[in-house]
Amino acid sequence: MNEIGKAVRDYIIREYVPEGDDREITETTPLISSGLVDSFSMVSLLRFLEKKYAIHIPDADATPEAFDTITRIVELVQRFQKAEVGSI
């Protein structure tokens, strides 16, 4: 798991996994579709990503599908990091 994936996993565990819940969160763990991350939590996660990586993710790209696994979230962040670099 790369640095972005680790940061996302750590944030999810810290913010959304109840204390005492020992489930393993991997790159492919369903987040949205399992109910671990709900729509309000997804907005919080989006803001975290935008602030941490100095990117802007348009609402049209911030879909439940794009946020359903750490792998998809990493791909989304990397795509917008490249877009930010390309716009400079």
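The values are calculated or read from the model by the stated rules, or taken from the named source; none is laboratory data. Note that this is a predicted model, so its numbers are computed, not measured. Cβ: placed from backbone, ideal geometry, glycine included. Neighbour counts: every protein chain shown.
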State whether one or more residues within region 41-56 are basic (Lys, Arg) and without any contact (Cβ under 8 Å) to a residue 40 or more places away in the chain.
-> yes
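Would you check if residue 41 is hydroxyl-bearing (Ser, Thr, Tyr) and more than 12 Å from the chain's Cα centre (by Cα)? Even if it seems obvious, please write down each step before you answer.
Working: hydroxyl-bearing (Ser, Thr, Tyr): yes; more than 12 Å from the chain's Cα centre (by Cα): no.
No: the conditions fail for residue 41.
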Of the residues in region 16-40, those that are among the hydrophobic types (A, V, I, L, M, F, W, C) and touching a residue at least 24 places away in the same chain (Cβ under 8 Å) come to 25, 31, 32, 36, 37
Screening 37, 8 for residues that are farther than 15 Å from residue 76 by Cα and of a type in the set (Val, Ile, Thr) leaves only 37
| task | Would you mind stating whether residue 6 is in contact with a helix residue (DSSP H, G or I) (Cβ under 8 Å, 6 or more places away or on another chain), of a type in the set (Lys, Arg), surrounded by fewer than 16 Cβ atoms within 10 Å (Cβ to Cβ) and modelled with pLDDT of 95 or more? | result | no
message = Is it the case, given these coordinates, that residue 50 is touching a Gly at 6+ places or on another chain (Cβ under 7 Å), surrounded by 11 or more Cβ atoms within 10 Å (Cβ to Cβ), at negative phi and modelled with pLDDT of 95 or more?
response = no
